[in-house]
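The values are calculated or read from the model by the stated rules, or taken from the named source; none is laboratory data. Owing to the predicted nature of the structure, the values given are computational and were not obtained by experimental measurement. With ideal geometry, Cβ positions are generated from the backbone for all residues, glycine too; neighbour counts draw on all protein chains shown. With ligands, DNA and RNA removed, areas are computed over all heavy atoms of the protein, side chains included. Shrake-Rupley method; radii C 1.70, N 1.55, O 1.52, S 1.80 Å.
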Amino acid sequence: MPTTSGTAAPPAGQGGAAPRRAAETSPLDPREQRRRERLSRRYRRDIRWSPYAFIAPFFLFFAAFGLFPLLYTGWAALHRVELTDPTHMEWAGMHNFSRLWDDEFFWNALQNTFTIGVISTVPQLVMALGLAHLLNYKLRGSMFFRVAILTPYATSVAAATLVFVLLFGRDYGMVNWALDAIGIDPIDWQNGTWTSQLAVSTIVIWRWTGYNALIYLAAMQAVPGDLYESAALDGASRWQQFVHVTIPSLRPTILFTVVVSTIGATQLFGEPLLFNGSAGATGGADHQFQTLGLYMYEQGWVNLHLGRASAIAWTMFLILLLIAAVNWLVSRRLRKSQ
């Protein structure tokens with residue numbers, strides 16, 4: 001219908017501004033406004049503090065089962081304290097540490113730890129590197145072999161050690177039976193110095209070779225294939241590719257496994273303890289395979305000298321710090337040389 005000016009009013013949906021809804025023009029209800037403000041504050045607090053809440057359980061468990069025992073052990077190492085009365089402490093200063101300097105059993109345990117560590121670590125890593133190199137090629141059933149070499153790592157230390165005790169038995173062990181078949185006299189594996197250390201090292205090698213092999217295999221698969229193609233075009237054989245391409249590319253990984261294996265050898269405990277059978281923590285009749293872990297256990301839980309055991313534990317901790325420092329220096333030099 002025409003207006004007084006002679007023009008028709010445009011429909012609301014065809015050019016004229018639609019009327020705003022009342023909810024958009026009217027102010028928010030005060031209660032709704034307060035509710036939104038509370039939700040906004042909660043959201044800001046959640047964004048700010050949720051990450052700390054997620055990582056808090058780790059730090060709580062670390063403080064309870066890592067930091068507190070470390071500090072308490074350090075405090076106990078400075079006192080004369082017996083396991084029969086751990087709350088009674090008599091100040092001793094550095095006496096527990098200084099007596100280790102003249103303790104022949106401590107130096108014997110340190111030497112045994114070093115010897116077993118070398119005997120177990122070097123062959124273990126060499127064999128792991130070789131196994132990883134074989135598994136890196138396309139083999140039929142390669143997944144089966146990868147799972148199979150990890151099986152010893154998943155085996156219980158107690159079960160594995162008891163089996164090896166039977167294998168290295170003096171009278172009825174399978175190892176002596178095989179040696180006798182080729183004309184070698186039976187060997188008393190437990191009572192000899194080198195033989196007992198070799199037997200304990202064999203258990204460690206059997207358990208950890210597959211684990212390190214998978215680490216090397218993962219590192220090998222990250223090596224660019226162009227390097228192997230270039231080496232092949234230059235006429236390099238597979239052995240030359242392994243020596244001049246694979247090993248240089250694995251230097252950081254090899255260093256990592258050496259450090260981790262050295263730390264594990266320093267803390268070696270279960271294998272020599274169970275290999276000794278019912279003799280306890282002495283590490284053989286002449287302490288011939290007693291490690292630092294066994295010696296600490298003997299002082300603290302057999303002789304009940306908790307202060308001395310704490311000093312040994314902190315000495316082991318300082319040795320591990322030294323190993324970590326050497327690892328850092330070597331890693332830094334490797335990064336500069338690249």
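Assorted remarks:
- Annotation: extensible slack from Asp102 through Glu229 equals 39.8 nm (criterion: 0.36 nm per residue apart, minus Cα-Cα distance).
- Surrounding net charge for His287, when Lys and Arg each add one and Asp and Glu each subtract one, Cβ distance under 10 Å: -3
- Relative protection proxy for 178-188, 231-241, from highest mean packing down: 231-241, 178-188 (other beta-carbon atoms within 10 angstrom).
- When only the Cβ of Lys, Arg, Asp and Glu is charged (+1, +1, -1, -1), the dipole of the chain relative to its Cα centre reaches about 2480 debye.
- Calculated on the alpha-carbon coordinates, the convex hull of segment 85-182 measures out at 249 cubic angstrom per residue.
- Size of electric dipole in segment 33-150: Cβ of Lys, Arg +1 and of Asp, Glu -1, about Cα centre, debye, nearest 20: 1860 debye
- Packing here is the average count of other Cβ atoms within 10 Å per residue, and on that basis the peptides 155-162, 282-289, highest first, run 282-289, 155-162.
- Inter-site label distance for Tyr52 and Ser249 at 7 Å from Cα along Cβ, in nm: 4.5 nm
- Carbon-plus-sulfur accessible fraction, the chain (probe radius 1.4 Å, protein heavy atoms only): 65%.
- Ordering 307-317, 164-174 by mean Cβ neighbour count within 10 Å, with the highest value first, yields 307-317, 164-174.
- Taking every protein chain into account, the accessible area of the chain amounts to 65 square angstrom per residue (probe 1.4 Å).
- A straight line joining the Cα centroids of segment 36-101 and segment 174-203 runs 45 Å.
- From its DSSP helices (H runs of at least four residues, each -39,500 (n - 2.57)), the chain gives a residue-normalised ellipticity at 222 nm of -21000 deg cm²/dmol.
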